[in-house]
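The values are calculated or read from the model by the stated rules, or taken from the named source; none is laboratory data. A quick note: this is a predicted structure, and the numbers were derived from the prediction, not measured. Because the Cβ atoms are built from the backbone with ideal geometry, glycine has one as well, and the counts that use them run over all protein chains shown. What goes into the accessible areas is simple: the full protein's heavy atoms, side chains included, and nothing from ligands, DNA or RNA. Shrake-Rupley method; radii C 1.70, N 1.55, O 1.52, S 1.80 Å.
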Amino acid sequence: MTVNPQIVRDPPLTGVWSELVGQEKAVAVLRRAVGGQAHAMSHAWLLTGPPGSGRSNAARAFAAALECAEGGCGACNDCRTALSGAHPDVTLVRTETLSIGVDEVRELVRRAAMSPSRGRHQVVVVEDADRVTERGADALLKAIEEPAARTVWVLCAPTPDDVIVTIRSRCRRLHLATPRDEAVAELLVTRDGVAPELAAEAARAAQGHIGRARRLARDEDARSRRDRILALPTGLNDLGDCLRAAQELVAETGQEAAAATADQDARERGELEKALGFGTKGARPRHAAAAIKDLEDEQKARVKRLQRDALDRVLTELTTFHRDVLALQTGAVRPGEEQRLTGSRLVNAGIADRIRQVARSSTSDRTVRRIDAILEARTALETNVSPQLAMEALLVNLAPRG
Ligand SMILES: [Zn+2]
């Protein structure tokens, strides 16, 4: 057997690391830290990477590996509970509201200072460190500056710039690259049993977002939702179409968000009512009304955030369509390259005909302006502009004659 000396492979991804396809380099760094090699460990980490690159999965895997006697076997009780969030020494923070405030951070700092109950590490994973408020960041900074001996903070954010400089300068930084389509497609085929053609299409469409690729490959509703969004650029003939489509998008994403939280809302309400002593003697109605109002406000904010996230995904899909159009108009993707999995290719290769048609009937200037309009809509959604207005303005700009 001959071995090509130019191919140097990182160790295979096993145990808790097995989902982190395309992240072999980052995994190697984390494994060295878990293995306790000198200078490899830090009490504060900042994992960065674009959405879907797996930064929160990497953080959870790291937490599990730190608790596991085998360094992340993936099968033991420590691994399983750490990954699911049930491990007593692992705190996973994923905010469902728009920010993580100072009170929440203080609670984390308190937990981080506790001795680990099972004797290894006290790990606090903050999946949206970019959402920590300014006052929260001050509290966090103090904790990171004076860490307890066996505490490990794992902060996740899209880029280092999303975390204040005083915090990021005290963290070991690790960047997760977007995994290549080939790696994602292979994962879908080998682990999820998806047919190769569908896996390739889902991997291309998800652009390195593994969770999204898996959902597209396995969930027909997700695929048909995406198809409807991609039909918009060629389906808007007049102002009426634009307004109707905007209304539908807002209504659909609103329902999607409400459905996603309905069970949790009801559970939280039930727990609160029980805690307030509903139906028992000695309940305090005035106090109860205020507490219920607070919970309702919190739940509304959560639905609002989820809806904006869903609309943001719509914008991402629309961007891929117009990027594909631009790629054909500028010759970045040439005929025959559309369906490839690496290098120049179309994200939406499955609808190459429609993309060709739009590319022929407009100009690259026009396409660039449309992509700008999508970016403007994204900015508008981040502020307090109503989703309805933001989407209407966008679709008018995307319409062929707009
Ligand atoms: Zn284990």
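Structure data summary
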quantity	calculated
Per residue accessible area in Å² of the chain, where ligands, DNA and RNA are left out and the probe is 1.4 Å	52 Å²
Amide H contacts of R172 (H built 1.01 Å from N, under 5 Å, at least 5 apart or other chain)	A44, W45, L46
Spin-label model distance (nm) - R215 vs R173, 7 Å beyond Cα toward Cβ	2.9 nm
Built amide H within the under 5 Å cut-off of T91, gap 5+	V123, V124, V125
Inter-probe distance in nm under a simple model that places probes 7 Å from Cα toward Cβ, at D312 and I292	3.3 nm
I100 long-range amide H proximity, modeled H, under 5 Å	V132, T133
Accessible carbon and sulfur surface of the chain relative to its total accessible area, %, 1.4 Å	51 percent
Surface accessible to a 1.4 Å probe, V189 within the full protein complex, Å²	60 Å²
Computed P(r) (all Cα pairs; the chain; 10 Å bins; percent)	4, 18, 26, 26, 17, 7, 1, 0, 0
Loop-resident sites, segment 45-154, for GluC sites (Glu not before Pro), counting at most 16 other Cβ within 10 Å (DSSP)	E70, E96
Exposure ranking of D128, D353 by accessible area [1.4 Å probe, largest first]	D353, D128
The chain - percent relative contact order, Cα under 8 Å, separation 6 or more	15 percent
Segment 38-194: C-alpha gyration tensor shape, a/c 1.5 cut-off, then a/b vs b/c	oblate
Peptides ranked, highest mean first, by Cβ atoms within 10 Å: ranges 238-247, 303-312, 148-157, 263-272	148-157, 303-312, 238-247, 263-272
Karplus-derived HN-Hα couplings along segment 359-374 (A = 6.51, B = -1.76, C = 1.60, θ = phi - 60°), whole Hz, x at Gly and Pro	4, 6, 8, 9, 10, 5, 4, 4, 5, 4, 5, 5, 5, 4, 5, 5
Calculated [θ] (222 nm, deg cm²/dmol) that DSSP helices of n ≥ 4 give over the chain, each run adding -39,500 (n - 2.57)	-18500 deg cm²/dmol
Karplus 3J(HN,Hα) series, Hz, for segment 178-186 with 6.51 cos²θ - 1.76 cosθ + 1.60 (x for Gly, Pro)	5, x, 6, 3, 4, 5, 5, 4, 5
3J(HN,Hα) from dihedral phi, segment 187-196, Karplus parametrisation 6.51/-1.76/1.60, rounded to Hz, x for glycine, proline	4, 5, 6, 7, 9, 10, x, 7, 4, x
